[in-house]
Amino acid sequence: MSFREMDAGGHEHVAYYRDEPTGLRCIVAVHDSRRGPAVGGTRMLAYDDEGGALTDALRLSRAMAYKTAAAELPLGGGKAVIIGDPAEKTDDLLRAYGRVVDSYGGRFVTGEDVNVDVSDLRVVESVTDHVGGTGGGDGTDVTAAGVVHGLRACFAETDGDDSLAGRRVAVQGVGKVGRALVARLVDAGAEVMVADVDGAAVAAVGDEFGVESVAPDAVYDEPCDAFAPCALGGVLNDETIPRLRCDVVCGSANNQLAGRRHADALAERGILYAPDYVVNAGGLVSGVVELEGGDPAAALERVGAVRGRLATMFRTARETGSTPLAAADRFAEARMAEGGERQLF
């Protein structure tokens, strides 16, 4: 890792850690801490090489910094990756990782991510207080509610009518958030179709809510008012964007764009894109409210601000001739700058 790479990404801190007795190898990246402690989950993967782990840490920490700033929370953004086979994860390794987190003295606070769940975090928590998401709360419905607010903002922008009644929405991915989104959309009178590589999950949602389904790859070709990616990242790319038959893209998946240029590709096709890190902040909001002692109702109320923020970003995009993604970045960067000087690690 060079200073040139850190300069290019705007990161303020990147560190490598190893613990020989437990086999721990991890990277912690902090993108920005001007607004407050850097928060971000920890994931564990058997990366093909160290470079892949570093790329993940840098990309995801930047995304968290922009997400917290766009949500106007008094937090920064970071991320940690543990390099290793999750099947070989041990409590000793997790405790060693907990000591890494504790060494930051609260300047980095972590939580769940890929292959690191609540039970793992409770082991980490045995050696550090700087862990979130172990209190039993679930931000799934709050995240889904944020997507609904995002869809309303999008429809208000495209045709001046924020109603979901009669809107045809294609939901890609019916895991926890996707399923909760389907429930909210159906309740609002939307016409929903779903797609997922998990056939059993599709069948269960179909039976519960009476919605239609399409094959996973066919979802891009379906005529609809809105496409809601709620599964994997990178689904908006050179191959899929020309196939879309929608007016709006608004979903909960992280990193929906394969590259930043795909925001331009959507705009060129006249498709309104709601930046994912603005729309999917519900889980983060829920965690913050839980730490403050609030309840799910308070989190649902706070996530309603997604609509107003998107409206502001859409207006900026119109006025400046830019994409909503560029406007969202501008909004987030302004909030980071308001936070003051960077903390030094």
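Okay, here's what the table says:
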{"read-out": "Qualifying residue in the stretch 143-156 (condition: in the same structural domain as A190 (by TED's automatic domain parsing), touching a Cys at 6+ places or on another chain (Cβ under 7 Å) and among the aliphatic types (A, V, I, L, M))", "value": "yes"}
{"read-out": "Those helices (runs of 4 or more DSSP H) lying entirely in the stretch 175-271 with at least 2 residues over 25 Å from A165 (Cβ atoms) and either at pLDDT 95 or above or assigned by TED's automatic domain parsing to the domain that holds G160 (or both)", "value": "199-209, 261-268"}
{"read-out": "Cross-chain or 6+ apart pairs with Cβ under 7 Å, the stretch 113-124 first and among the basic types (K, R), then surrounded by fewer than 20 Cβ atoms within 10 Å (Cβ to Cβ)", "value": "R122/T134"}
{"read-out": "Residue among R95, R59 that alone is touching a helix residue (DSSP H, G or I) at 6+ places or on another chain (Cβ under 7 Å), part of a helix (DSSP H, G or I), surrounded by fewer than 21 Cβ atoms within 10 Å (Cβ to Cβ) and on the phi < 0 side of the Ramachandran plot", "value": "R95"}
{"read-out": "Residue among G304, G287, G308, G293 that alone is within 20 Å of V249 (Cβ to Cβ) and among the small types (G, A, S)", "value": "G308"}
{"read-out": "Conditions (1) buried (at least 21 other Cβ atoms within 10 Å of the Cβ); (2) touching a Phe, Trp or Tyr at 6+ places or on another chain (Cβ under 8 Å): number failed by R25", "value": "(1)"}
{"read-out": "Neighbours by Cβ (under 6 Å, 6+ apart or cross-chain): first from the stretch 247-270, free of Cβ contacts under 8 Å to residues at least 40 places away in the same chain; second of a type in the set (D, E) and crowded, with 17+ Cβ neighbours inside 10 Å", "value": "Q256/D276"}
{"read-out": "Condition met for V81 (touching a residue at least 24 places away in the same chain (Cβ under 8 Å), surrounded by 20 or more Cβ atoms within 10 Å (Cβ to Cβ), of a type in the set (A, V, I, L, M) and closer than 23 Å to V289 by Cβ)", "value": "no"}
{"read-out": "Answer from V118, V142, V147 - the residue that is in contact with a Gly (Cβ under 8 Å, 6 or more places away or on another chain) and under 16 Å from V249 (Cβ atoms)", "value": "V147"}
{"read-out": "Only one of P21, P37, P86 that is under 23 Å from Y277 (Cβ atoms) and more than 15 Å from the chain's Cα centre (by Cα)", "value": "P37"}
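For every residue, the table says whether it meets (1) closer than 30 Å to G133 by Cα; (2) in contact with a Lys or Arg (Cβ under 8 Å, 6 or more places away or on another chain); (3) among the hydrophobic types (A, V, I, L, M, F, W, C).
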site	(1), (2), (3)
M193	no, yes, yes
V197	yes, no, yes
V205	yes, yes, yes
G210	no, no, no
R243	no, no, no
N255	yes, yes, no
A263	no, no, yes
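The values are calculated or read from the model by the stated rules, or taken from the named source; none is laboratory data. Model, not experiment: these values are computed from the prediction. Virtual Cβ from ideal backbone geometry, glycine too; neighbours counted across all protein chains shown.
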